[in-house]
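Here the structure is laid out as C-alpha cells; the discussion comes afterwards.
The values are calculated or read from the model by the stated rules, or taken from the named source; none is laboratory data. These numbers come from a predicted model, not from an experiment. Here the Cβ is made from the backbone with ideal geometry for all residues, glycine too, and neighbour counts use every protein chain on show.
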Amino acid sequence: MAFSLNCGGRHLSLDTPQIMGVLNVTPDSFSDGGALLSSNGLLGDRLLARASQMVADGAVILDIGGESTRPGAEAVSTQEELDRVMGAIALLSSRVDVILSVDTSNPVVMREAATAGIGMLNDVRALTRAGALEIAVQADLPVSLMHMSAEPERMQAHTDYQDVVSDVMAFLKARVEQCLIAGMARSRVLIDPGFGFGKTVSQNYEILRRLREFASFELPLLVGLSRKSMIGAITGRPASNRTVPSAVLAVLAAQGGASVIRVHDVAETADSLAVWRATKGEL
C-alpha cells in the first residue's frame with residue numbers, strides 16, 4: 001500500500017522508502033553524542049554542514065533530537081531540551097530545504113517546535129506523557145508512535161514478552177486507537193516497532209524477520225536500525241563502525257515494508273536502496 005504525508009504543508013510521497021537522517025544535538029546519544037553539541041551549546045557550523053550533506057546524500061527528513069533515549073539514558077529538563085532543539089530548528093529551517101522532524105516526548109517541546117514550523121513529530125513514548133497527545137492533535141502534523149517497554153534507564157530489564165511481535169503490535173494498536181479517539185486524523189499516524197528499545201538481540205531480529213506483519217495496520221512504518229547494538233552483538237564492532245550492516249538492515253527493512261528508514265549514514269543507505277530498487281526493475 002502506498003502512503004503519503006502532509007508535513008506542515010509539504011507533501012511527501014512514500015511510494016518508495018524514504019530516508020530520515022538523524023541529527024542528535026545531545027552530549028550522550030549512543031552513536032554520535034557530542035558531535036553537534038559542546039558544553040557551550042550547539043556547534044552551529046558543524047550542524048549546518050552535517051544537515052546539508054545529509055540532504056545532498058538523499059535524506060528527505062531530518063530528525064532533530066535533544067534528549068538521548070539510549071539504554072540507560074537519564075532525562076533532561078524541559079528547558080535544556082528546548083534550548084538544544086529550538087536552536088537547531090532556528091538554524092536549519094531557513095537554510096536547508098528539507099522536512100524537519102523533532103524526536104521528543106515532551107509536550108512543551110512539541111508545541112514550540114510545531115509553532116516554529118517543523119513538519120513531523122517522532123515520539124519514542126508514543127504520546128503517553130501527560131499532555132503530549134493533546135498537543136500532537138493540535139499540531140496537526142504526522143506523528144510516529146514507537147513501542148518502548150519502559151523508560152530508557154530501565155527498558156532493557158523489561159523484555160519478557162509472550163510473543164514479541166504480537167505484544168508490540170497490541171501496544172501500537174492501542175496507541176493508534178487513542179490517537180483517533182482524541183481527534184487525530186488517521187492520515188497523520190506512523191508506527192515504529194522500536195528496535196533496540198526494550199528488546200533482546202534475538203527479539204530485534206525476530207521483529208525484522210516478521211516486519212511484514214505490521215502491514216495489517218495499513219499505516220506507514222518507520223524503522224530505526226542504524227548502528228544499533230543488535231548489529232554490534234553480531235559483528236563485535238563499535239557503533240562508529242557499523243555502516244555496512246546498517247545499510248544491509250535498511251534494505252531488509254525496505255523489503256519488509258518500511259516507508260521511512262531512520263539512519264545516521266545517509267549516502268550509504270541511499271546507495272543500498274537504489275541498488276535494491278534496481279533489482280526490482282525500478283531503474
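Couple of notes before you dig in:
- Looking only at the stretch 112-123, residues that are surrounded by fewer than 20 Cβ atoms within 10 Å (Cβ to Cβ) and closer than 23 Å to PRO220 by Cα come to 1 in all.
Every residue, every condition in (1) of a type outside the set (Val, Ile, Thr); (2) surrounded by fewer than 19 Cβ atoms within 10 Å (Cβ to Cβ); (3) modelled with pLDDT of 95 or more, yes or no:
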residue: ARG188; (1), (2), (3): yes, no, yes
residue: ASP192; (1), (2), (3): yes, no, yes
residue: GLY198; (1), (2), (3): yes, no, no
residue: LEU219; (1), (2), (3): yes, no, yes
residue: ILE231; (1), (2), (3): no, no, yes
residue: ASN241; (1), (2), (3): yes, yes, yes
residue: VAL263; (1), (2), (3): no, no, yes
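- The stretch 43-86, residues that are more than 16 Å from the chain's Cα centre (by Cα) and among the basic types (Lys, Arg): ARG46, ARG50, ARG84
- Residue tally, condition within 12 Å of the chain's Cα centre (by Cα) and within 24 Å of LEU47 (Cβ to Cβ), over the stretch 258-283: 5
- Test result for ALA130, in contact with a helix residue (DSSP H, G or I) (Cβ under 9 Å, 6 or more places away or on another chain), in a loop (DSSP other than H, G, I, E, B), surrounded by fewer than 23 Cβ atoms within 10 Å (Cβ to Cβ) and touching a residue at least 12 places away in the same chain (Cβ under 8 Å): yes
- Only residues that are in contact with a Leu (Cβ under 8 Å, 6 or more places away or on another chain), of a type in the set (Ser, Thr, Tyr) and in a helix (DSSP H, G or I) were counted across the stretch 233-266, and they come to 1.
- Of all residues in the stretch 67-99 being more than 19 Å from GLY196 (Cα to Cα), in contact (Cβ under 8 Å) with a residue 12 or more places away in the chain and small (Gly, Ala, Ser), the one that is surrounded by the most Cβ atoms within 10 Å (Cβ to Cβ): ALA88
- Flag if ALA56 is at pLDDT below 95 and either buried (at least 22 other Cβ atoms within 10 Å of the Cβ) or assigned to a helix (DSSP H, G or I) (or both): no
- Some residue of the stretch 87-108 being closer than 23 Å to ASP45 by Cα, among the charged types (D, E, K, R), assigned to a helix (DSSP H, G or I) and within 18 Å of the chain's Cα centre (by Cα): no
- Conditions (1) buried (at least 17 other Cβ atoms within 10 Å of the Cβ); (2) farther than 20 Å from SER149 by Cα; (3) over 19 Å from the mean Cα position of the chain (by Cα): number failed by ILE181: (1)
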